[in-house]
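Notes follow the structure.
The values are calculated or read from the model by the stated rules, or taken from the named source; none is laboratory data. Since this is a predicted model, take the numbers as computed values, not measurements. Glycine also receives a Cβ, built like all others from the backbone with ideal geometry; neighbour counts cover every protein chain displayed. Accessible surface is based on the protein model in full, side chains and every heavy atom, while ligands, DNA and RNA are left aside. Shrake-Rupley method; radii C 1.70, N 1.55, O 1.52, S 1.80 Å.
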Amino acid sequence: MNVPVWLWFATIGGLVAIILADLFLVDHKPHAVTIKEATRWVLFYIALAVLFGLGIWYFAGAQYAGEFFAGYITEYSLSVDNLFVFVIIMSSFAVPAIHQHRVLLVGIVIALVMRGLFIAVGAAAINALSWVFYLFAAFLIYTAVNMVRQGMGGDEDEWKEPKVVGFVRRVLPVTDQFHGSRTTVKLDGKRWVTPMLIVMIAIGLTDLLFALDSIPAIFGLTQEPFLVFTANAFALMGLRQLYFLLGGLLKKLIYLSYGLAVILAFIGVKLVLHALHENELPFLNGGQPIPVPEVSIAVSLLVIVGVLAITTVASLVAVRRRPELAEAHGSVAVPVAHTREEAEAMDRHDREIDEEMARYDREHS
């Protein structure tokens with residue numbers, strides 16, 4: 001796939017414009033997100049991804065469009081599992097409801113920039129060393145096994161604060177409370193970092209850790225850096241709205257880890273077959289390619305969508321029959337409003353706290 005430089009800049013420019021517009025809307029009037037609002041935004045970002053994929057189909061052909069859609073669906077589905085940890089982080093830091101959207105947006109922007117660097121390194125490694133596919137495959141299968149073990153354990157792994165966040169805490173003075181949406185504040189002549197900055201860094205770095213399995217997974221579906229990057233970008237941009245939309249549904253997806261494990265294992269096997277087909281290792285078949293069947297992108301799409309559909313339906317049916325399974329799967333929830341009145345009540349509560357902290361800042365600045 002020949003992607004001119006101008007198209008890279010145009011795509012990145014378009015993504016930056018969307019993110020800036022979203023950030024402006026959030027900063028213009030921070031508020032608690034309602035289910036209806038989150039649904040509209042999720043549909044908007046999905047529509048953008050679909051239109052982008054159709055554009056690839058029109059200009060580059062069905063093969064590349066299929067690779068984009070397979071990569072996008074895989075990244076988005078893996079991101080759903082990430083949301084469990086995001087909920088725990090938000091709960092641990094007690095982020096006010098009206099500021100959670102902004103925290104997610106900035107954190108995800110950090111993750112997108114770092115993922116871009118990760119993708120560039122991965123693409124360079126694949127182009128230079130074909131045996132990297134074996135490493136990716138082994139890591140994906142290992143991750144799949146861990147996901148199954150996690151699912152059998154019934155509980156999500158406890159979130160541990162990244163070491164970089166701990167380093168920031170030790171080096172910079174951090175206030176005990178949030179000061180509105182501010183990341184720094186000057187108190188008694190001294191500049192302090194607020195928990196807002198810490199939680200943004202935590203979200204960004206935690207998402208980057210999740211990229212350690214999602215990036216190799218998408219390279220198993222396409223080796224085109226442009227498709228890898230854009231699939232990640234669209235999945236991440238729609239992630240924060242999905243965070244609010246799923247809300248309490250997160251803990252009902254009790255079999256999600258099994259489904260994601262199947263998908264990762266499937267892509268791992270697909271990577272092994274591709275590596276054998278492109279073999280250059282001297283101790284395998286004398287360094288010559290091995291004629292093994294390769295999995296088409298159409299089959300990959302069918303497997304990914306089918307597994308996600310089955311695990312989702314199975315989870316909802318099981319929870320409906322045994323509600324206690326959902327409670328065992330997760331105890332924290334997303335502070336999302338189901339009605340406008342509920343959102344207004346949440347807004348009033350958080351704004352009163354923000355105003356109180358603003359008065360405190362003025363008195364001690």
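Numbers for the structure displayed
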| item | result |
| --- | --- |
| Gained length - LYS163 relative to ALA138, 0.36 nm times residue gap less alpha-carbon distance | 6.4 nm |
| The chain, helix-only ellipticity at 222 nm - DSSP H runs n ≥ 4, -39,500 (n - 2.57), divided by all residues, nearest 500 | -25500 deg cm²/dmol |
| Residue of ILE141, ILE126, ILE35 that the Gaussian network model of the chain assigns the largest fluctuation, springs spanning Cα pairs under 10 Å | ILE126 |
| Förster radius 30 Å - calculated FRET efficiency between ARG149 and VAL292, Cβ distance, rounded to 0.05 | 0.55 |
| Residue-wise HN-Hα coupling along the stretch 43-48, computed from phi with Karplus coefficients 6.51, -1.76, 1.60 (Hz; x: Gly, Pro) | 5, 5, 5, 5, 4, 4 |
| Computed over the stretch 1-104: relative contact order in percent, which uses C-alpha pairs under 8 Å that are six or more apart | 43 |
| Exposed-loop-free span, longest in the chain, where GluC sites (Glu not before Pro) count as exposed if DSSP calls them loop and at most 15 other C-beta atoms lie within 10 Å | 1-157 |
| Euclidean distance of C-alpha centroids, the stretch 191-207 and the stretch 64-100, integer Å | 17 |
| The stretch 11-151 shape via C-alpha gyration tensor axes, a/c threshold 1.5 | oblate |
| Global form of the stretch 1-81, assessed from the alpha-carbon gyration tensor, a/c cut-off 1.5 | oblate |
| Heavy-atom accessible surface of the chain: percent carbon and sulfur, 1.4 Å | 66 |
| Relative contact order (%) - criterion: Cα under 8 Å, at least six apart; region: the chain | 31 |
| Nitroxide proxy distance, nm - points 7 Å out along Cα→Cβ at VAL16 and GLU363 | 4.3 |
| 12 Å beta-carbon shell around VAL313, net charge (K/R +1, D/E -1) | +2 |
| Under 11 Å, Cβ to Cβ, from ALA211 - net charge with Lys/Arg +1 and Asp/Glu -1 | -2 |
